[in-house]
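A.B. asks: The structure follows.
The values are calculated or read from the model by the stated rules, or taken from the named source; none is laboratory data. Owing to the predicted nature of the structure, the values given are computational and were not obtained by experimental measurement. No Cβ is skipped: glycine too gets one built from the backbone with ideal geometry, and neighbour counts run over all protein chains shown. Quick note on the areas: whole protein, heavy atoms, side chains included, nothing else; ligands and nucleic acids left out. Shrake-Rupley method; radii C 1.70, N 1.55, O 1.52, S 1.80 Å.
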Amino acid sequence: MTNLTSVEKEFSDLTKRRGFLPSLIDKDISDSWKRCISTGLDPLKNPKRTILTSKELGELKEKNDYIRRLVNPELELLYSQIAGTNFMVAYSDSSGSVMDTIYDKTCFKTDVGKIVIPGSIWREEIGGTNGLGQVVTLNKDSIVSGKEHFFESHGKLSCFASPILNYEGKTIGIIDASTDVHSREQHTLALVKLATKSIETKLFLNQFDNELILSFHPRQEYLSTNSVGLLAINGDGFVVGSNSNARIMLHGLVTLKSESFNNIFTTSFSSIANELLQNKIMKISDHLGSSVFIIKSQNFKKKISKETKIKNYACNNCKGSRFKEDRCILIKSAFLETRNISAVSRKLGVSRTTIYKHLN
């Protein structure tokens, strides 16, 4: 481990050699260079290439098979959207180990195509400062362009990377676009971010396919885009999941996890639930005064059973309240699918006692 004084001296020498003013270099890049120096990496030498064996790569792909099935169509779409030559797109796991790549014909013969390959590992302590490695370390979008790479041998590359986040905000994968062309950087990163947002949305909808998912945004025209905040609400009106957009838009209110809808918004869940179940767009305000438009995600559909042993209409205790009737029918329909009280309790987030009341 290099001492602090030595790190600062090497960092100063490196910035001069690359033509950067230390005060103007991006902080994420400078911090990364210092970490690379501290771990003993030499920017003048070629990085030690670390490649997974065929068996290790196969096991990694198998472990991430579910996510890969959602990622690969987005990877193909991203590839078709990035115009130009000498570029490629890649998908790695959260540790920076590449699993899937798509190259253009030119790129396949260049440095980009030769080093960013399935099985290659791009963690910072191995690949130096690079787009994938920055996401692994910082858990956020990253651009590392040309001479910002720690290793001089990577100086012709530009990397654009974005994390795929799950409903807990944890990075579970990374999408990267790499090229040797230094143009339209923000445009390329924007396309990469669109790909990761689309994957995150699909993962979220699949994760909470048995819950009521609400989409919301300050602008109504954005409700059908991947810019929406998503909240998964259980049968008692509590949040059981939220996507990254929701956490950003509702930052400063509550932690969201296991939080009541009524503690987030000034309009009670019970007063609008029926309208939401009918696909109506509602305008409500949070407790900080910001207004949003909210609608039921189209993944959630009431399931009508043709079975007659338990009739699919509300019990006497629920009649007279449209929300209670719909909720009652939902509970009965869920029970008809499984005939298992415990499974329905877990699925809808309601107590066993509540379910019994609706079935009697």
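A.B. asks: If you take log10 I(q)/I(0) by the Debye sum over Cα atoms at q = 0.08, 0.11 Å⁻¹ from the coordinates, which of [x] -0.41, -0.80; [y] -0.69, -0.89; [z] -0.52, -0.83 do you get?
C.D. replies: Computed from these coordinates, log10 I(q)/I(0) by the Debye sum over Cα atoms at q = 0.08, 0.11 Å⁻¹ corresponds to label [z].
A.B. asks: Can you give the charge dipole size of the chain about its Cα centre, rounded to the nearest 20 debye, using +1 on the beta carbon of Lys and Arg and -1 on the beta carbon of Asp and Glu?
C.D. replies: With Lys and Arg at +1 and Asp and Glu at -1, about 1440 debye.
A.B. asks: Would you mind checking LYS27/LYS63; LYS63/LYS197; LYS61/LYS197; LYS34/LYS61 for any pair whose Cα atoms are more than 29 angstrom apart?
C.D. replies: Check vs 29 Å cut-off fails for LYS27/LYS63; LYS34/LYS61.
A.B. asks: Write down the accessible area per residue of the stretch 193-236 in Å², having rolled a 1.4 Å probe over the full set of protein chains.
C.D. replies: 41
A.B. asks: Taking a cut-off of 17 Å between Cα atoms, list the aspartates and glutamates near LYS332, but don't count ones fewer than 8 places away on the same chain.
C.D. replies: GLU211, ASP236, GLU307
A.B. asks: In percent, what relative contact order does the stretch 46-183 have, based on Cα pairs under 8 Å that are 6 or more apart in sequence?
C.D. replies: Across the stretch 46-183, relative contact order equals 24 percent.
A.B. asks: Sticking with this structure for a sec: Give the carbon-plus-sulfur fraction of the accessible surface of the chain in %, rounded to a whole number; probe 1.4 Å, heavy atoms of protein chains only.
C.D. replies: 52
A.B. asks: Skip the ligands, DNA and RNA, and give the accessible area per residue of the stretch 20-169 with a 1.4 Å probe, whole Å².
C.D. replies: Ligands and nucleic acids excluded, the result is 47 Å² per residue.
A.B. asks: Residues with amide H under 5 Å of ILE213's amide H, sequence separation 5 or more or different chain, H placed in the peptide plane at 1.01 Å from N; which?
C.D. replies: Correct list: ILE233, SER297, PHE300.
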